[in-house]
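Presented below is the structure to which this report refers.
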Amino acid sequence: MSVVVIALLVAGVFLFAVGVLGILRFPDFYTRLHAAGKCDTLGSILLILALALFNLQEFTFANLLVSLKILSILLFVFVAGPTATHALTEAALVVGVEPWTKEGKRP
Amino acid sequence: MHSIFLGAAIVLLLLMLLCLVRVVGGPTVLDRILGGNVIGTHTTVLLLLIGVLYGNVGMFVDIAIAYALLNFIATLGAAKYFLRRKEVHLDTDQ
C-alpha cells in the first residue's frame, strides 16, 4: 500500500513540476494554457488519490468517510479544471490574443 | 512516510513561488489569471498535505473543498470580466 502511495505522490509532483515549467517557458498564452490545464488536472488527481489511499491505511468508518470526502474533491477537480481552462481559452479568443507562429510562416 | 509528505509539500511551495513569476510579469492579464488558477490548484493539494502532516485530515478536507470552489469561481468570474473588457494587454503600444 505504501509503495503505491509513494508512486502516486512522486508522479503527481512530477506532473506539477512539468506544468509549472511549461507555464514559465512556453512562448504563447495558448501553449501555456495547454501545459497548465492538463498537467494540473492529472497531477491533482494523482496526489489526491494518494492522500485518500494513505488515509485508508487503518480501516475504520470515520477514515472511510474522510476518504470519500477527499474523493469528492477529486471529482470536483476533474470537472472544474477543464471548465476553467475552457473559459480562459474562450476569453482569450474573443478578446483577440493572437497565437504564436514561427517567423515567416504566418498562415 | 512523514518525511515524504513533508518533502512533497515543500516542493509544492517552491513550484507555487515559480508560478508567482508568471503572475507578476505576464504579457497579458489572462496570463496572470492562469497563474492564479494554477497557484489555487496547488494550494488545494497543499492543504490536504498539511492535514496529513498535522494528523487530522478531517478538518482540512473541508477547507480544501471550500478553497477549490472559491478558486474555480474566481477564475470563471475573472475570465468573464475580461471577456467584456476587450483590453487584456498590459503594454498598450502594440
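Within the range B:1-10, identify whether any single residue is touching a Phe, Trp or Tyr at 6+ places or on another chain (Cβ under 9 Å) and either under 23 Å from residue A:46 (Cβ atoms) or not in a helix (DSSP H, G or I) (or both), and answer yes or no. Taking every residue of the range B:1-10 in turn, at least one turns out to be touching a Phe, Trp or Tyr at 6+ places or on another chain (Cβ under 9 Å) and either under 23 Å from residue A:46 (Cβ atoms) or not in a helix (DSSP H, G or I) (or both). A single member of A:7, A:80, A:50 is touching a helix residue (DSSP H, G or I) at 6+ places or on another chain (Cβ under 6 Å) and farther than 20 Å from residue B:78 by Cβ, and it is A:50. Can you pull out the residues in the range A:27-44 that are within 10 Å of chain B (Cβ to nearest Cβ) and among the hydrophobic types (A, V, I, L, M, F, W, C)? Correct list: A:29, A:33, A:35, A:36, A:39. Test residue B:41 against the stated conditions and say whether it is surrounded by 15 or more Cβ atoms within 10 Å (Cβ to Cβ) and either modelled with pLDDT of 90 or more or more than 26 Å from residue A:71 (Cβ to Cβ) (or both). In short, yes. So, residue A:55, is that one surrounded by 20 or more Cβ atoms within 10 Å (Cβ to Cβ), touching a helix residue (DSSP H, G or I) at 6+ places or on another chain (Cβ under 9 Å) and more than 30 Å from residue A:98 (Cβ to Cβ) or not? Spelling it out, residue A:55 is indeed surrounded by 20 or more Cβ atoms within 10 Å (Cβ to Cβ), touching a helix residue (DSSP H, G or I) at 6+ places or on another chain (Cβ under 9 Å) and more than 30 Å from residue A:98 (Cβ to Cβ). Across the range A:53-107, what is the total count of residues that are more than 11 Å from chain B (Cβ to nearest Cβ) and of a type in the set (Ser, Thr, Tyr)? Here the count works out to 2.
Okay, residues lined up against (1) modelled with pLDDT of 90 or more; (2) out of contact with any Leu (no Cβ under 9 Å at 6 or more places or on another chain); (3) buried (at least 21 other Cβ atoms within 10 Å of the Cβ):
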position: B:1; (1), (2), (3): no, yes, no
position: B:9; (1), (2), (3): yes, no, no
position: B:20; (1), (2), (3): yes, yes, no
position: B:37; (1), (2), (3): yes, no, yes
position: B:45; (1), (2), (3): yes, no, yes
position: B:53; (1), (2), (3): yes, no, no
position: B:61; (1), (2), (3): yes, no, yes
position: B:85; (1), (2), (3): no, yes, no
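Only one of the numbered conditions (1) of a type outside the set (Gly, Ala, Ser); (2) more than 16 Å from residue A:86 (Cα to Cα); (3) facing chain A (nearest Cβ under 10 Å) is violated by residue B:13, and that is (3).
Could you check, for the range A:5-17, whether at least one of its residues is within 28 Å of residue A:100 (Cα to Cα) and either more than 10 Å from the chain's Cα centre (by Cα) or among the β-branched types (Val, Ile, Thr) (or both)? Checked against the condition, which is being within 28 Å of residue A:100 (Cα to Cα) and either more than 10 Å from the chain's Cα centre (by Cα) or among the β-branched types (Val, Ile, Thr) (or both), the range A:5-17 yields at least one hit. Among the residues here, residue A:78 does not qualify as more than 20 Å from the chain's Cα centre (by Cα) and not small (Gly, Ala, Ser). Pairs linking a residue in the range A:6-21 that is facing chain B (nearest Cβ under 8 Å) and of a type in the set (A, V, I, L, M, F, W, C) to a residue that is surrounded by fewer than 20 Cβ atoms within 10 Å (Cβ to Cβ) and part of a helix (DSSP H, G or I), with Cβ atoms under 7 Å and 6 or more positions apart or on different chains, are A:6/B:4; A:9/B:4; A:13/B:11; A:20/B:18.
The values are calculated or read from the model by the stated rules, or taken from the named source; none is laboratory data. Values in this document were obtained by computation on a predicted structure and should not be read as measured data. FYI the Cβ positions are ideal-geometry reconstructions off the backbone, even for glycines, and counts take in every protein chain you see.
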